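The values are calculated or read from the model by the stated rules, or taken from the named source; none is laboratory data. All values reported here derive from a predicted model rather than from experimental measurement. A quick note on method: Cβ atoms are made from the backbone with ideal geometry, for glycine too, and the neighbour counts reach across all protein chains shown.
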Amino acid sequence: MDRLPETPPAGEMISPPLFERLGRRGFLGTTGGVAGYTLAAGRVMAQTIVTTPADGLVAGDIMIPAGDRDIPGYRARPASGSAWPVVVVCQEIFGLHEYIKDVCRRLAKEGYLAVAPDYYVRQGDPKNAENQQAAAAIAMRKPDDELFRDLDATCAWAASDGGNGEKLAIIGFCRGGRNVWAYAAQNPKLKAGVAWYGPIAGQPSALTPRVPLDMAADIKCPILGLYGEADTGIPVEGLRTMETRMREAGKRFTLVIYPGAPHGFHADYRPSYREEPAKAGWRLMLDFLKGNGVA
C-alpha cells in the first residue's frame, strides 16, 4: 500500500484515492450515548487480529500510585536503552483488554514507553460488564477531575520507569479519544495528542462539565484527529466546526477523515475494523509524534 503524505498542515483533510475506492462500508448503528458503537447485547471479546509479541520488550501489568489508591495499568517499553519517549494510551469504554495492551506493544516496538492506565477501576470493570450498555455506564461515571489526576499519576509513573517526561504524548480510541482532547486542555507538558474517532460533542454534566468543542482555546499541544466519514455518531459537520474553532484559537489541528470508514476502524477485534485506514492512520500517527518531538 502506498505511504500517505507526511503530516499535512493543520486542518487539512486527507482523502487518499485508495480509500475513495472503499465505498460506504460503515458499521452503522445507534449510539446509545457512546458515539459510533452499536450497543448490542453480550460482552465485548477483545480477540485481536493483530498480535504483537513481547520479544525485545519489557511488557506487563503494573500498578500506578494515584492518590487515594493504586490503579492497574499495562506498560510496554524496549528491553534496552533508557529515556524513552512516553505515550499514554487511553482505552475505549471496554476496559484495559488485550487490544489496548497490544497497542502498547506496537508502540514499544517503535521505541516508546507506552503505558495504559485502567482509570475506570473505581467505577467498575468494563471487561466484565454484561453488555455494552453496562460498559458504557461504567465509563460515563468517571469524573473528569479524577481522570486528570489519574493521567497525571500515569505520566509521573512513566517518568519513574525510565521514560523521558519531556517527550510526552497521549493517544486514545473512542471515549479514550475524547479523553485525549480533554487532557490536552489540561497538561502543558504534552507535546502531541492523537484522537482516534474521539467524540467532540455531547451533553455536559457535573462529571464532565465541558465537551471538546468547548475546549479549543485551552488545547496545549498539537492534535491529530483520525476520523471516519461513515461514523454515524461523529458527523463530519461537527469535525469541521472543531477545525474552525481550533484555527480561530490559533491551535494546531490536523484533521484526517477516511472516506467510507466507520467508527472504531482501528479496533481489530470488532466488525468495524478496516485494515487499510487502520494501517494508514497508524503510520500517520507515528509521523505526527516524531514531527512534534516525541521520538
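Close Cβ contacts (under 9 Å, 6 or more residues apart or on different chains) running from residues in the stretch 76-91 that are outside any strand (DSSP E or B) to residues that are of a type in the set (K, R) comprise A83/K167; Q91/R175. A single entry from G233, G198 fulfils the requirement of being touching a Cys at 6+ places or on another chain (Cβ under 9 Å) and farther than 14 Å from V87 by Cα: G198. Of the residues making up the stretch 139-169, those that are of a type outside the set (K, R) and within 20 Å of M63 (Cβ to Cβ) number 18. All conditions in (1) β-branched (V, I, T); (2) surrounded by fewer than 17 Cβ atoms within 10 Å (Cβ to Cβ); (3) not in a loop (DSSP other than H, G, I, E, B) hold for V115, with the sole exception of (2).
The number of residues in the stretch 90-108 that are under 17 Å from K290 (Cβ atoms) and either of a type in the set (A, V, I, L, M, F, W, C) or buried (at least 22 other Cβ atoms within 10 Å of the Cβ) (or both) comes to 2. V103 meets the conditions (1) outside any loop (DSSP other than H, G, I, E, B); (2) of a type in the set (A, V, I, L, M); (3) under 20 Å from V180 (Cβ atoms); (4) in contact with a helix residue (DSSP H, G or I) (Cβ under 9 Å, 6 or more places away or on another chain) in every case but one. The failed one is (4). Candidates in the stretch 60-86 are the residues that are out of contact with any strand residue (DSSP E or B) (no Cβ under 9 Å at 6 or more places or on another chain) and of a type outside the set (S, T, N, Q); of these, the one that is nearest to F148 (Cα to Cα) is G67. Would you tally the residues in the stretch 47-68 being among the acidic types (D, E), modelled with pLDDT of 95 or more and not in a strand (DSSP E or B)? Total satisfying the criteria: 1. Under the condition of being buried (at least 24 other Cβ atoms within 10 Å of the Cβ), at pLDDT 95 or above and not hydrophobic (A, V, I, L, M, F, W, C), the residues counted in the stretch 119-142 number 2. Just one of the listed residues (V194, V180) is within 24 Å of L113 (Cβ to Cβ), of a type in the set (V, I, T) and in a helix (DSSP H, G or I), and it is V180. In summary, R247 fulfils each of the numbered conditions (1) over 18 Å from the mean Cα position of the chain (by Cα); (2) in a loop (DSSP other than H, G, I, E, B); (3) more than 30 Å from Q132 (Cβ to Cβ); (4) touching a residue at least 60 places away in the same chain (Cβ under 8 Å) with the single exception of condition (2).
Tallying residues that are more than 15 Å from the chain's Cα centre (by Cα) and among the aliphatic types (A, V, I, L, M) within the stretch 270-295 yields 3. Of the candidates D161, D145, the single residue that is touching a residue at least 60 places away in the same chain (Cβ under 8 Å), surrounded by fewer than 18 Cβ atoms within 10 Å (Cβ to Cβ) and acidic (D, E) is D161. Residues of the stretch 151-172 that are under 22 Å from D214 (Cβ atoms), in contact with a Gly (Cβ under 8 Å, 6 or more places away or on another chain) and not small (G, A, S): I170, I171.
Matching residues to (1) crowded, with 21+ Cβ neighbours inside 10 Å; (2) of a type outside the set (D, E, K, R):
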{"site": "N187", "(1), (2)": "no, yes"}
{"site": "V194", "(1), (2)": "yes, yes"}
{"site": "D214", "(1), (2)": "no, no"}
{"site": "C221", "(1), (2)": "yes, yes"}
{"site": "G233", "(1), (2)": "yes, yes"}
{"site": "E237", "(1), (2)": "no, no"}
{"site": "E248", "(1), (2)": "no, no"}
{"site": "Y258", "(1), (2)": "yes, yes"}
